[in-house]
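Accompanying notes for the structure given below.
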Amino acid sequence: MDQAPGSPPNQGPHGARELPVCYRHPDRETGIRCTRCERPICPECMVDASVGFQCPDCVRNGSGTGHAPGASQPRTLAGGTVAADPRLVTKVLIGVNLAVFLVQLSLGNRFTERFFLVGQAYVYDHGPLEGVAQGQWYRLLTSMFLHSTSSFVHILFNMLSLWWIGGPLEAALGRARYLALYFASGLAGSALTYLIAAPNQASLGASGAIFGLFGATAVLMRRLRYDMRPVIVLLVINLIFTFGWHNIAWQAHIGGLIGGVLVGYAMVHAPRERRALVQYGVCGLVLAAVILVTVLRTVQLS
């Protein structure tokens, strides 16, 4: 962990080394310090500088940056803009999911069946073949915002996970990068489901995107040298539910997890001089893989 020159590492009650806490957020441990004042700063407070990261106060005061105060735009660890409300996109995503769920309850199964993910099947009695293979590619996206109406557990569990995992991740990445991660992961989960699952198997839910957030969180925590055990335990528990519970589309979970790890790695490890190119380039590659898988499966089912 980064340590101020000449200062001993923090020691716990049994001599174990502990991380310092952010000077602006005392509830957050961090291994990163401002390159100017050497105060500990968390991902939300990190401002990308020419060398290392600076705290918002040093940037605001123009400490050694060669620019007037306010000339430098505060940046997140991934290079995104530091927002006044670091959880805004997460709140919007939760709101959209809840609004769509209310529409499902109001309009009934007919609405859900029109937009859930299915490869190829006779969804309606005496109706035509429906599904992605029939050109309804929008189902790969719309299914990410639908949930089972037979029980509130599905949407409750997903929205709580989105809040707990998504909020801190949005603060660390920035809004645009977080949103790109969310949709890339969700579409990767939908594509793997379409490829592997039975053509008439229906699938819906935000779980693919949320598993992508799990994967990206693990990458971020490793990048910051945080204790990985909590996120690993949480991920293992979710995987146990994925493979041990009936009526769960495990393909969406695994596809989302893979997409999230790939995009998350690009977000936090991209070289600074071409960071945006690498980050959004990897998002583009994941999207290209989604399209390729969808086309190949469609040809197979045609």
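Throughout, read-outs are computed from the coordinates displayed, never taken from laboratory work. Here the structure is a predicted model, which is why all the values come from computation and not from measurement. Reconstructed Cβ throughout: ideal geometry from the backbone, glycine too, with neighbour counts over all protein chains shown.
Placing pseudo-labels 7 Å out from each Cα toward the beta carbon at HIS126 and ASN61 gives an inter-label distance of 7.9 nm. Amide hydrogen proximity for PHE53: with H placed 1.01 Å from N in the peptide plane, the residues at 5 or more positions away or on another chain lying under 5 Å are THR35. Mind sorting out which of (1) -0.32, -0.82, -0.92; (2) -0.36, -0.81, -0.94; (3) -0.26, -0.75, -0.87 is the real log10 I(q)/I(0) by the Debye sum over Cα atoms at q = 0.07, 0.12, 0.13 Å⁻¹ computed from the coordinates? It is the one labelled (1). About its Cα centre, the range 104-195 has a charge dipole of approximately 220 debye under the convention of +1 per Lys or Arg Cβ and -1 per Asp or Glu Cβ, with nothing else charged. Helix content alone sets the calculated 222 nm mean residue ellipticity of the chain: runs of n ≥ 4 DSSP H residues at -39500 (n - 2.57) each, divided across all residues, give -16500 deg cm²/dmol.
Summing +1 for each Lys or Arg and -1 for each Asp or Glu, what net charge is found among the other residues whose Cβ lies under 13 Å from the Cβ of ARG275?
On the way: positive: ARG75, ARG177, ARG272, ARG274; negative: ASP48, GLU273.
In short, +2.
For the chain, the membrane-span-like helix rule (DSSP H, alpha carbon extent of at least 18 Å along the helix axis, mean Kyte-Doolittle at least 1.6) picks out 88-107, 229-244, 275-301; this says nothing about an actual membrane.
Which of the chymotrypsin sites (Phe, Trp or Tyr not before Pro) across the range 207-302 are loop residues per DSSP, with 14 or fewer other Cβ within 10 Å? Loop-located and lightly packed - TRP245. Site pair GLU38 and ARG274 shows an inter-label distance of 3.6 nm when each label is modelled 7 Å from Cα along Cα→Cβ. In this rough spin-label picture, where each label sits 7 Å from Cα along the Cβ direction, the ALA176-LEU160 distance is 3.5 nm. Among MET228, MET267, MET46, the order by Cβ neighbours within 10 angstrom, fewest to most, reads MET228, MET46, MET267.
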